[in-house]
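Colleague: Have a look at this one before I ask anything.
The values are calculated or read from the model by the stated rules, or taken from the named source; none is laboratory data. The structure displayed is predicted, hence computed values, not measured ones. Don't worry about glycine lacking a Cβ; one is built from the backbone with ideal geometry, like all the others, and counts go over all protein chains shown. We work out accessible area using only protein heavy atoms, side chains counted, and drop any ligands, DNA or RNA first. Shrake-Rupley method; radii C 1.70, N 1.55, O 1.52, S 1.80 Å.
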Amino acid sequence: METSEDRHVSRVARLEVSRRMAETGVAGGGKEDFRKLLRRRLPQYIAASAACMGGFSLGCGLGWSAPCVELLISDHGYDEFSTNVVASVFPLGAALGLPVVPFLVDKIGRKWTMMSLVPAYMLGWIFMAVGVSVFTLITFGRLITGACGGMFCVVAPMYSAEISEKEIRGTLGVFFQLLLVNGILFAYCCGYTGSVVIVTSLCGMSPIVFACIMFFMPESPLYHIAKNDEAAANKSMRYFRGPDYNFDHEIKEFKEQVEKSKLQKVTFSAFTKKPILKTMGVAYGLMFAQQFSGINAIIFYCETIFKQTGVDLDPLLQMVIVGVVQVIASAASAVLIDQVGRKVLMTISTSLMSICLAALGLFFVLRTSHDEEAHSLYWLPLVCACTYMMAFCLGAGPIPWCYMGEIFPAKLKGTASSSAAFFNWTLAFIVTVSFSTVIEALGISTMFFFFAIVCLVSMVFLLIFMVETKGKTFVEIQREFGTYDVDGE
């Protein structure tokens with residue numbers, strides 16, 4: 001039988017639950033409440049989308065190579081070595097641009113770091129359009145656009161993570177990948193113009209669109225707290241949370257995080273502490289898993305790979321189909337990431353990629369030794385490529401960038417994230433520049449089998465070491481990694 005004390009405890013518990021639900025804006029649970037919640041969070045979605053337009057520009061740069069490499073050879077007299085350089089210099093530029101990111105994000109903020117990249121980004125695209133027949137100019141343009149894209153891939157997810165509520169932080173983090181694959185698809189579709197100049201000019205409009213939207217977005221509230229400007233932080237939070245939302249607990253947590261970060265000096269010794277090393281190891285492992293899944297090799301040489309299959313289907317059309325699949329899968333990832341978690345999606349992603357890459361390897365083995373059987377499997381390369389891209393965009397594509405914006409302490413975030421991104425783009429450069437050479441030496445089937453094995457090993461690594469961050473605050477994540485109480489002494 002329920003006593004008066006039991007009823008009192010039950011009533012107190014219900015009141016506490018109601019208070020928490022009211023704070024997070026999910027009280028009620030009906031359609032009307034969902035609409036109110038969506039309307040309140042709309043500024044967060046808009047700001048994250050604006051920041052991630054930098055990802056769209058990056059996607060244009062990544063996707064540009066696939067249609068343009070063949071056009072450079074056929075229309076502008078480039079040889080294979082020259083096109084390899086033009087393709088591979090983009091990830092090299094992305095790596096070289098990253099060392100300045102920690103300085104900029106802490107000095108001028110996340111928003112204005114991204115805004116400052118726009119003039120250089122546009123200059124890079126102009127060099128490529130004007131100097132399409134001049135190897136030096138187009139290479140320099142690719143280097144500049146790569147550098148700007150590499151910096152965006154650190155700052156945009158950082159900004160998205162810091163402006164979002166923990167319940168939708170994963171979704172907003174995936175926006176970067178979603179806009180990136182839209183940029184890739186846009187570049188593929190531009191390939192139908194049959195002109196490198198037109199493709200380049202159309203892709204070069206993306207930084208302008210980004211600047212026009214991002215200019216009106218507030219700075220990250222965490223950055224304002226780090227600069228001891230609580231009034232600006234409150235103003236920013238009112239924009240992102242709405243005028244009636246009580247965000248005092250979030251401001252308090254930001255202050256706690258910043259105060260704790262003051263003890264974490266950005267020195268070499270800070271990165272030798274065991275918890276930081278563990279966090280860096282997971283971040284580097286995610287980046288290795290992403291790049292040695294073979295994704296950039298497939299994107300950069302997508303049209304060339306499809307031509308080698310001997311399948312009677314327009315390679316450019318096959319690329320567009322793959323691009324559409326990427327967009328759909330990235331949208332699915334945005335929906336699922338805060339429901340099922342980062343670790344589950346990464347596990348599904350790497351296992352599916354391993355299967356698809358092994359199947360592609362088998363197809364090319366059959367094409368060499370049993371051409372008739374391979375011809376009967378004409379559908380396999382496109383199906384495997386689409387499934388591979390779907391799996392990549394579900395997990396291995398968006399999660400490493402999203403995860404980086406969540407796991408590092410505030411003081412070390414700029415340096416640590418830039419370091420992991422530098423590692424990522426260095427690997428991308430190595431894979432891209434060596435892809436053609438390795439294929440000639442070992443065969444394309446061997447390359448696909450190698451990438452399949454890497455995906456399998458990555459899955460095991462992530463199952464053991466990856467910490468789930470779904471629904472956790474920054475402080476909770478740092479405590480789980482053990483980095484919350486680490487100082488730089």
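Colleague: Compute the relative contact order of the chain as a whole-number percentage, counting only Cα pairs closer than 8 Å that sit 6 or more residues apart in sequence.
Modeller: 24 percent
Colleague: A follow-up question, please. Out of G242, Q291, L442, whose Cα points farthest toward the positive end of the dipole of the chain (charges: +1 Lys, Arg; -1 Asp, Glu; placed on Cβ)?
Modeller: Of the options given, the answer is G242.
Colleague: Between Q339 and I46, with labels modelled 7 Å along Cα→Cβ, what's the label distance in nm to one decimal, could you check?
Modeller: Label at Q339, label at I46, 2.7 nm between them.
Colleague: Within 10 Å, Cβ to Cβ, of K235, how many net charges do the neighbouring residues add up to if Lys/Arg are +1 and Asp/Glu are -1?
Modeller: -2
Colleague: Under unit Cβ charges (Lys, Arg +1; Asp, Glu -1), what dipole magnitude, rounded to 20 debye, does the chain have relative to its Cα centre?
Modeller: That gives the chain a dipole magnitude of about 1440 debye.
Colleague: A follow-up question, please. With an 8 Å Cα cut-off and a minimum separation of 6 or more residues, compute the relative contact order for the range 207-266 in percent.
Modeller: Computed value for the range 207-266: 28 percent relative contact order.
Colleague: Gain in length, S376 to E480, computed as 0.36 nm per residue apart minus the alpha-carbon separation, to one decimal in nm?
Modeller: Gain in length upon complete extension: 32.2 nm.
Colleague: How large is ³J(HN,Hα) for each residue in the range 126-142, as worked out from phi by the Karplus curve 6.51 cos²θ - 1.76 cosθ + 1.60 (θ = phi - 60°), to whole Hz, x for Gly and Pro?
Modeller: Here the 3J(HN,Hα) series is 5, 4, 5, 6, 6, x, 4, 9, 10, 3, 5, 5, 5, 5, 5, x, 5 Hz.
Colleague: In the chain, with Lys and Arg counted as +1 and Asp and Glu as -1 at Cβ, which of these residues, Y192, H224, L316, has the Cα nearest the positive end of the dipole, that is, farthest along it?
Modeller: Checked the options; the winner is H224.
Colleague: Shifting gears a bit: How much of the accessible area of the range 99-168, in percent, comes from carbon and sulfur atoms when a 1.4 Å probe is used?
Modeller: 79 percent
Colleague: Let me ask something additional. Among residues other than G54 whose Cβ falls under 13 Å from its Cβ, what is the net charge (Lys/Arg +1, Asp/Glu -1)?
Modeller: Neighbourhood net charge equals +2.
Colleague: Using only protein heavy atoms and a 1.4 Å probe, report how much of V431 is accessible, in Å² to the nearest 10.
Modeller: Its accessible surface works out to 10 Å², give or take rounding.
Colleague: Expressed in nm to one decimal, what extension gain is obtained for the pair L137 and F103 from 0.36 nm per residue of sequence separation less their Cα-Cα distance?
Modeller: This chain segment gains 9.4 nm when fully extended.
Colleague: Something else: Can you show me the helix-derived [θ] at 222 nm for the chain, built from DSSP H runs with n ≥ 4 at -39,500 (n - 2.57) apiece and divided by the number of residues, rounded to the nearest 500.
Modeller: Estimated from H runs of four or more residues: -26000 deg cm²/dmol.
Colleague: Taking the solvent-accessible surface of protein heavy atoms with a 1.4 Å probe, what is the per residue accessible area of the range 239-280 in Å²?
Modeller: For the range 239-280, the solvent-accessible area averages 59 Å² per residue.
Colleague: Continuing with this model, one more query. Select from L357, Y388, P409 the residue farthest towards the positive end of the dipole of the range 348-479; place +1 on Cβ of Lys and Arg, -1 on Cβ of Asp and Glu, and compute about the Cα centre.
Modeller: The one lying farthest along the dipole's positive direction is P409.
Colleague: Follow-up question, since we're still on this one. Taking θ = phi - 60°, what integer Hz values does the Karplus form 6.51 cos²θ - 1.76 cosθ + 1.60 yield along the range 62-69, in sequence order, with x for Gly and Pro?
Modeller: In residue order, the calculated couplings are 5, x, 4, 5, 4, x, 7, 4 Hz.
Colleague: Work out how much length F465 to D229 would gain on full extension: take 0.36 nm times their residue separation and subtract the Cα-Cα distance, in nm to one decimal.
Modeller: Value of the extension gain: 81.2 nm.
Colleague: Ordered by packing density, taken as the mean number of other Cβ atoms within 10 Å over each peptide's residues, highest first, how do 73-80, 449-456, 408-415 rank?
Modeller: 408-415, 449-456, 73-80
Colleague: Just one of (1) 133; (2) 156; (3) 171 is volume of the Cα convex hull per residue in Å³ as worked out from the coordinates here. Which one is it?
Modeller: (3)
Colleague: Between their Cα atoms, which of K262/K472; K235/K273; K235/K343; K36/K411; K36/K278 are more than 30 Å away from each other?
Modeller: K235/K273; K235/K343; K36/K411; K36/K278
Colleague: May I ask for the net charge around G395, where only other residues with Cβ less than 12 Å from the Cβ of G395 are counted and Lys, Arg are +1 while Asp, Glu are -1?
Modeller: +2
Colleague: I need the phi-derived Karplus couplings for the range 37-46: 6.51 cos²θ - 1.76 cosθ + 1.60, θ = phi - 60°, integer Hz, Gly and Pro marked x.
Modeller: Per residue, the Karplus-derived 3J(HN,Hα) values read 5, 5, 5, 5, 8, 3, x, 5, 5, 5 Hz.
Colleague: Which residues does a label at T437 reach in the range 75-91, if reach means a backbone N under 12 Å from a point 7 Å past the Cα toward the Cβ?
Modeller: So the set is 85.
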